[in-house]
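See structure below.
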Amino acid sequence: MSEIYWATRMDGINTFLISFIIPGGLLFLCFFILSLILDNSEKRERLGNALISVGYAISIAGVMLVFIPTTKEMLLIYGVGGTIDYIKSNDTAKELPDKAVKALDKYLDEISKDKEDEKDNVQR
């Protein structure tokens, strides 16, 4: 059950990271513009250090955002991945596609035979 809980929390984690990146990006832009404007070297150096810190934080959050899936993606990974693992390990499930194709082929043959019989009856 904890897997399902965390799968449903992925959108919240993504939203949190996005809400961190957007203000951080604006702050980074402001610091960058201020560092270009300021003439005082001491203030410029302190602003440069803040600029680097904000840049690192944005970079880390951005990388996390890339690798953390959304809820839909996580449920797809969890559901489809589990199904694929089950099918690979179950011999009966491996035979299902062949049986389904044979059953479908037989059904379509019966339908085409019935249609031919109807055409023959109409022509007579």
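Read-outs: derived from the displayed coordinates by stated rules, not from any lab. These figures come from a predicted structure and were not determined experimentally. A quick note on method: Cβ atoms are made from the backbone with ideal geometry, for glycine too, and the neighbour counts reach across all protein chains shown.
The alpha-carbon of Lys72 sits under 28 angstrom from the alpha-carbons of these lysines, leaving out residues fewer than 8 places away in its chain: Lys88, Lys94.
Taking the structure as given and computing Kirkwood radius over Cα pairs in Å, which label from (i) 14.8; (ii) 20.6; (iii) 14.3 fits? Correct label is (ii). Each residue of segment 2-18 was assigned a 3J(HN,Hα) from its phi angle through the Karplus curve 6.51 cos²θ - 1.76 cosθ + 1.60 (θ = phi - 60°); the sequence is 5, 5, 5, 4, 5, 5, 7, 8, 4, 5, x, 5, 4, 5, 4, 5, 5 Hz, with glycine and proline shown as x. Computed over segment 1-70, the range of Cα coordinates on each principal axis works out to 58, 14, 14 Å, biggest value leading.
Of all lysines in the structure, the ones whose alpha carbon falls short of 30 Å from that of Lys115, not counting any fewer than 8 places away in one chain, are Lys99, Lys102, Lys106. In the chain, the DSSP-assigned H stretches of four residues or longer account for a calculated mean residue ellipticity at 222 nm of -33500 deg cm²/dmol, using -39500 (n - 2.57) per stretch and the full residue count as denominator. Here the Karplus curve 6.51 cos²θ - 1.76 cosθ + 1.60, taken at θ = phi - 60°, turns the phi angles of segment 49-65 into couplings of 5, 5, 4, 5, 4, 5, x, 4, 4, 5, 4, 5, 5, x, 5, 4, 5 Hz, with x standing for Gly and Pro. For GluC sites (Glu not before Pro), no site in segment 26-124 is both called loop by DSSP and has at most 16 other Cβ atoms within 10 Å. Taken one residue at a time, the phi angles of segment 73-88 give Karplus couplings (6.51, -1.76, 1.60, θ = phi - 60°) of 5, 5, 5, 5, 4, 5, x, 5, x, x, 5, 5, 4, 5, 5, 5 Hz. Gly and Pro are set to x. Between the residues Ala50, Ile111, Ser19, the greatest Cα displacement towards the positive end of the dipole of the chain, with unit charges on the Cβ of Lys, Arg, Asp and Glu, is found for Ala50. In segment 64-85, whose amide N lies under 13 Å from the spot 7 Å out along Cα-to-Cβ of Asp11? List them in ranges. Of the residues in segment 64-85, 70-75 have backbone N under 13 Å from the label point off Asp11.
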